[in-house]
1. Do we find a residue being in contact (Cβ under 8 Å) with a residue 60 or more places away in the chain and in a strand (DSSP E or B) anywhere in the range 338-346?
2. If the requirement is being in contact (Cβ under 8 Å) with a residue 40 or more places away in the chain, farther than 30 Å from residue 207 by Cβ, out of contact with any helix residue (DSSP H, G or I) (no Cβ under 8 Å at 6 or more places or on another chain) and not hydrophobic (A, V, I, L, M, F, W, C), which of these qualifies: 581, 508?
3. Against the condition of a type in the set (Gly, Ala, Ser), under 20 Å from residue 89 (Cβ atoms) and part of a loop (DSSP other than H, G, I, E, B), how does residue 325 come out, does it pass?
4. Mind telling me which of the residues 486, 556 ends up being more than 30 Å from residue 582 (Cβ to Cβ) and free of Cβ contacts under 8 Å to residues at least 12 places away in the same chain?
5. If we keep just the residues of the range 347-377 that are assigned to a strand (DSSP E or B) and touching a Phe, Trp or Tyr at 6+ places or on another chain (Cβ under 9 Å), which is least open to solvent (accessible area, probe 1.4 Å)?
6. Got a number for residues in the range 399-419 being among the aliphatic types (A, V, I, L, M), over 17 Å from residue 560 (Cα atoms) and surrounded by fewer than 23 Cβ atoms within 10 Å (Cβ to Cβ)?
7. For the range 424-445, indicate whether the set of residues that are among the hydroxyl-bearing types (Ser, Thr, Tyr) and open to solvent by less than 30 Å² (accessible area, probe 1.4 Å) is non-empty.
8. Given the options 54, 59, 75, 42, name the one that is at pLDDT 85 or above, of a type in the set (A, V, I, L, M) and within 24 Å of residue 174 (Cβ to Cβ).
Amino acid sequence: MKKITRILLTALLAMGMMTGCAKSEFKGGTFSGDAKGFSSTIKVEVTITSDKAIEAITIVDSAESADIGEVALPIMIEKVISNQSVDVDAVTTATITSDAFLLAVTNAIEAAGLKVTDIKASTAGTSDKKEETLEADVVVIGAGGAGMTAAITAAQAGKTVIIIEKAPIVGGNTSRATGGMNAAETKYQKEAGIEDSVELFIEDTMKGGYEKNNPVLVKTMAENSSDAIDFLDSIGAHLSDVGKAGGASVNRSHRPVDESGKILSVGSYLVPIFEQAAKDQNVTFYTETEATEIIMQDGKAVGVKATSADANYTINAKAVILATGGFGGNLAMVESYKPELAGYVTTNASTITGDGIKMAEAVGANLVDMQEIQIHPTVVQSNGALITESLRGDGAILVNNKGERFTNEVLTRDVVSANIIAEEGNSAWLIVDQKMFDDSNVIQGYVNKGYMIEGATIADLAKAMEIDEATLTATIDNWVAMVKAGTDKDFGRDDLATVKYDLSTAPYYAVKIAPGVHHTMGGVEINEKTEVINADGNVIPGLFAAGEVTGGVHGGNRLGGNAVADIIVFGRIAGQTAADYIAE
């Protein structure tokens with residue numbers, strides 16, 4: 001009996017010790033976690049208090065895109081800390097970066113020996129949205145390149161301006177523009193000895209759009225393109241390098257360079273300059289604020305209804321400018337107009353969903369060219385990243401999965417895309433050399449993000465690409481010889497005498513690409529003053545539109561470099577016309 005008692009006591013003591021261990025308190029501390037983002041591994045340190053609350057999150061290491069991913073990370077930190085939860089919405093323009101950040105934080109929490117459900121979620125109640133009325137001379141819907149250009153111009157004309165943007169950060173699709181801006185008869189062309197004319201710009205654009213373009217809008221864009229370059233100079237944005245994009249007869253794609261002369265992505269360069277210039281003009285920004293309705297009164301646009309997480313807004317204005325972009329990020333809408341594009345990836349931001357087109361149509365706006373949707377030939381299929389057309393203009397080549405060149409690289413986008421789709425695997429490779437790499441921050445960015453593979457020699461590159469070494473060597477050797485001779489005997493490319501690079505300098509870099517949905521040429525009908533036209537062919541007073549939300553400028557196919565020309569030229573016109581309308 002005593003022996004049994006001792007056994008029971010021993011068991012009870014052991015159970016008590018186990019219970020004591022289970023009740024040991026979490027002491028808090030700082031814990032690390034990481035996850036693969038869009039273009040880098042995101043490493044975080046998460047400080048958790050003893051009562052299991054997230055006190056701080058520090059980004060230890062990240063090399064996401066400077067204009068999108070890195071901007072999104074502070075927003076995500078604030079969301080997680082304020083909600084005390086990783087169950088929060090991603091930043092809509094940076095979903096891959098946002099999701100990776102949340103996974104890194106989750107990994108840090110688990111490294112602390114906790115579950116995400118152990119974190120004490122915020123108990124702050126969700127109060128009803130407040131109803132707020134705002135007043136401005138001009139309200140701009142969309143803070144991309146067209147919207148911010150319009151806002152700057154209207155503000156420079158002495159008008160009060162509110163700009164609303166449904167994303168947490170500004171930029172829209174403009175942030176993703178990697179090439180340049182087409183413009184004719186500019187000072188930069190003259191300095192480089194490039195002969196160009198407004199008439200040739202018009203001819204190239206109409207030809208590229210299969211003559212489906214509205215010729216009045218094309219003429220307006222071309223005639224105002226040089227002044228638009230001067231406008232950019234005036235706000236500190238200098239597009240001084242002039243290259244060539246597909247479909248252009250001469251070099252007219254204006255691009256920014258850094259202090260050492262390396263080419264930069266045009267969009268990520270312009271967006272912060274636009275934002276600062278707008279703020280310098282006292283433009284008021286409302287981000288994470290989605291427009292839901294254009295307010296009409298007596299047939300005139302007199303404001304906008306919008307909503308955010310904590311407020312419903314009625315914004316009364318004397319003029320409304322639509323600059324919401326197209327619908328390339330809404331693949332269901334894309335498919336509804338062009339069913340053959342089902343299953344394609346898109347280069348568009350996730351916020352580019354056709355909202356402005358739908359709002360305009362609801363107040364009677366006419367829509368044009370909605371079935372005209374462009375696919376871009378060189379898109380990374382894993383994430384929709386765009387490989388800029390300007391590389392091909394500078395001398396990069398396309399080869400198929402056998403290592404053979406198969407097309408003139410600077411034909412229009414639709415033709416090059418069709419040629420890629422016709423190849424085995426419906427894909428191809430774009431190849432650059434070390435000299436191109438050295439001169440381009442854009443290419444260096446592609447390599448750093450893991451898009452491109454590298455080979456010390458052509459043979460090494462062929463091995464990495466898993467294609468025949470002899471075939472690729474012969475292809476590149478032939479290209480070098482043709483550039484030297486100034487004649488493309490294989491595919492009739494007519495600019496070999498002036499291309500900047502001949503691919504003769506090892507090592508080499510290649511990225512596998514295929515076409516993806518890129519630009520929607522259709523949208524709201526406008527006239528040369530950017531006034532929105534209704535279904536009866538009349539102007540809707542007080543309503544203006546600029547950029548990809550409109551249709552008619554690009555016809556059946558947009559030339560590379562014309563999107564930035566479109567948003568700057570017509571953004572400026574919209575801002576000035578709205579200001580003039582108010583003054584009448």
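1. Yes, the range 338-346 has at least one match.
2. Details: 508 fails: out of contact with any helix residue (DSSP H, G or I) (no Cβ under 8 Å at 6 or more places or on another chain).
Selected residue: 581, the only one of 581, 508 that is in contact (Cβ under 8 Å) with a residue 40 or more places away in the chain, farther than 30 Å from residue 207 by Cβ, out of contact with any helix residue (DSSP H, G or I) (no Cβ under 8 Å at 6 or more places or on another chain) and not hydrophobic (A, V, I, L, M, F, W, C).
3. Criteria not met by residue 325.
4. 486
5. For the range 347-377, the residue satisfying everything is 373.
6. Count: 0.
7. The answer is yes; a qualifying residue exists.
8. 75
The values are calculated or read from the model by the stated rules, or taken from the named source; none is laboratory data. Predicted model only: the values in this text are computed from it and were never measured. No Cβ is skipped: glycine too gets one built from the backbone with ideal geometry, and neighbour counts run over all protein chains shown. Calculation scope for accessible area: heavy atoms of the full protein, side chains included, ligands and nucleic acids excluded. Shrake-Rupley method; radii C 1.70, N 1.55, O 1.52, S 1.80 Å.
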